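Have a look at the structure below, then the notes.
The values are calculated or read from the model by the stated rules, or taken from the named source; none is laboratory data. Since the model is a prediction, treat every value here as computed from it, not as a measurement. In this analysis, Cβ positions are derived from the backbone assuming ideal geometry, glycine residues included, and neighbour counts consider all displayed protein chains. Only protein heavy atoms, including side chains, enter the accessible area calculation; ligands, DNA and RNA are left aside. Shrake-Rupley method; radii C 1.70, N 1.55, O 1.52, S 1.80 Å.
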Amino acid sequence: MQPITPCQFHAASRTFDALAPEDAGPARSHPQQPLKSRIEFELDADDLAANMQHRVYPYPAHLPRDEHVRQGLIKALRSQLLREEHLYLVEDKDLAKDCGYAGYPISTRGTSVPGRLCFTASLMNCVAVGMKAEVGENGVAQPGGKVRITHVYGFSEDEFDALRAQLQKMQKTGKVKVILLGGTEDNEDEVASLKRLLADLDVDIELDKAGKLRQDVGSFLGMAIDELDHSLHYAKGLVTVTFSGEAPAPSSSQATA
């Protein structure tokens, strides 16, 4: 059994490393609660790297080169990329929650903290279920929404029971919608049983890229709450950025915006 702690992004290696239990307290939304423990497999670092890109953006000429200003630009850009391209911008030392796989009864991570990404990857026959329960009226999000990512590995009765309990708990917050990614045509029957569970709970599927519908998408799915307007979104990949004039981030490939 290993304690579940948030992970931290390291730009130099482009990897996420779990925080030590003694360092995890200040990074948790409920530090007074004991750490949960679970046996599960870790995500593949190469797979995460394959779902990460780097971009270079021009620095606004009218703004001073100041760290406080830069962080404001990063926050605005993160919101834009999440809403418009479903990409999540990660910076050095950013905290996140990584969801492994084959945990018992199921591998899952969730948050109500804006700007705290929950993600999973290493999806082959597995299916990632991204959940969001938004609080608000008339399409305007309010604080209090929640997101969760769950990695369905074996499609067992125990996994489905745990998933059902998660969804029912999320429904107490608000109307739940899910994003599905993973699986192949070879396990379409298992994927169909997952979708029947969702239908039984009256859960809407916002985006379905599971089983035969997966097509040519990647193997990463994240969920996050926008820091600026509290809206809830899925992320299909990660992106690091530098602004013109900054030292380039270590990257095997770069794209200029």
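Let me spell it out: the conditions are (1) in contact (Cβ under 8 Å) with a residue 60 or more places away in the chain; (2) open to solvent by 60 Å² or more (accessible area, probe 1.4 Å); (3) not hydroxyl-bearing (S, T, Y), and E137 meets all of them except one. Which number is the exception?
(1)
What are the residues in region 145-157 that are part of a strand (DSSP E or B) and either under 16 Å from E206 (Cα atoms) or free of Cβ contacts under 8 Å to residues at least 40 places away in the same chain (or both), if any?
The answer is K146, V147, R148, I149, T150.
Search region 105-134 for residues being among the small types (G, A, S), in contact with a Gly (Cβ under 9 Å, 6 or more places away or on another chain) and more than 20 Å from L198 (Cα to Cα), and hand back the single one that is most open to solvent (accessible area, probe 1.4 Å).
This residue is S112.
Mind counting the residues in region 180-231 that are β-branched (V, I, T) and farther than 21 Å from L87 by Cβ?
4
Can you find a residue in region 240-253 that is of a type in the set (A, V, I, L, M, F, W, C), within 19 Å of V135 (Cα to Cα) and either at pLDDT below 95 or open to solvent by less than 50 Å² (accessible area, probe 1.4 Å) (or both)?
no
Would you call L48 more than 18 Å from H151 (Cα to Cα), at pLDDT 90 or above and assigned to a helix (DSSP H, G or I)?
When the stated conditions are applied, L48 does not pass them.
Residues in region 185-224 that are among the hydroxyl-bearing types (S, T, Y) and either open to solvent by 40 Å² or more (accessible area, probe 1.4 Å) or more than 21 Å from the chain's Cα centre (by Cα) (or both): how many?
Qualifying residue count for the region: 1.
Here is a yes/no grid of residues against (1) modelled with pLDDT of 95 or more; (2) loosely packed, with under 12 Cβ neighbours inside 10 Å; (3) touching a His at 6+ places or on another chain (Cβ under 7 Å); (4) part of a helix (DSSP H, G or I):
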| position | (1), (2), (3), (4) |
| --- | --- |
| L35 | no, no, no, no |
| R65 | no, yes, no, no |
| Q71 | yes, yes, no, yes |
| K75 | yes, no, no, yes |
| S79 | yes, no, no, yes |
| R83 | yes, no, yes, yes |
| Y88 | yes, no, no, no |
| E91 | yes, no, no, no |
| G103 | no, no, no, no |
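Among the residues of region 170-181, write down those that are surrounded by 14 or more Cβ atoms within 10 Å (Cβ to Cβ) and farther than 19 Å from A224 by Cβ.
Across region 170-181, the qualifying residue is only Q171.
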